[in-house]
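Some notes on the structure that comes next.
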Amino acid sequence: QGQLVESGGGLVQAGGSLRLSCVASGSIFSINAMGWYRQVPGKQRELVATITSGGNTIYAESAKGRFTISRGKDKNTVYLQMNSLKPEDTAVYYCNAHIVSGALTGVFNYWGQGTQVTVSS
């Protein structure tokens, strides 16, 4: 079993920055892709950015040029550096990871509990 724990959300003024962190723990053999998604009430969860174990990244158009996703040296941590934040970035941000179980029984998709990001105008 794996677990994802996020941190770093909060309230920031427009134009400010936040850094989200997510740590994976548990019975992990390896982690393939990790990513960040966000959701606002009444809307579907949407991709913000993903990063593979090899460092390849994909960004939503709204995140390009402002957000940077990266992984820690231990490969079990993923970060999202968010700069030039806008009120429309306000959402609950969720960490996601595709984890190969320690018992090598398969690849499982995990979600964190979410962290609130609020950008005031």
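The values are calculated or read from the model by the stated rules, or taken from the named source; none is laboratory data. The structure presented is a predicted model; accordingly, all values stated were derived computationally and were not measured. No Cβ is skipped: glycine too gets one built from the backbone with ideal geometry, and neighbour counts run over all protein chains shown. Only protein heavy atoms, including side chains, enter the accessible area calculation; ligands, DNA and RNA are left aside. Shrake-Rupley method; radii C 1.70, N 1.55, O 1.52, S 1.80 Å.
Key figures for this structure:
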{"quantity": "Check on R38, under 27 Å from P87 (Cβ atoms), assigned to a strand (DSSP E or B) and touching a helix residue (DSSP H, G or I) at 6+ places or on another chain (Cβ under 9 Å)", "calculated": "yes"}
{"quantity": "Residue that is nearest to the chain's Cα centre (by Cα) [pool: residues in region 36-79 that are at pLDDT 95 or above and of a type in the set (D, E)]", "calculated": "E46"}
{"quantity": "Scan of region 42-101 for residues that are open to solvent by 60 Å² or more (accessible area, probe 1.4 Å) and acidic (D, E), ordered by number", "calculated": "E46, E61, D74, E88"}
{"quantity": "Verdict on V12 being touching a Pro at 6+ places or on another chain (Cβ under 7 Å) and hydrophobic (A, V, I, L, M, F, W, C)", "calculated": "no"}
{"quantity": "Residue check, L4 of a type in the set (A, V, I, L, M), open to solvent by 50 Å² or more (accessible area, probe 1.4 Å) and either assigned to a strand (DSSP E or B) or in contact with a Gly (Cβ under 7 Å, 6 or more places away or on another chain) (or both)", "calculated": "no"}
{"quantity": "Every residue from region 108-121 that is polar (S, T, N, Q) and either buried (at least 18 other Cβ atoms within 10 Å of the Cβ) or touching a Lys or Arg at 6+ places or on another chain (Cβ under 7 Å) (or both)", "calculated": "T115"}
{"quantity": "Odd one out for T105 among (1) closer than 25 Å to Q13 by Cβ; (2) open to solvent by 70 Å² or more (accessible area, probe 1.4 Å); (3) of a type outside the set (A, V, I, L, M, F, W, C)", "calculated": "(1)"}
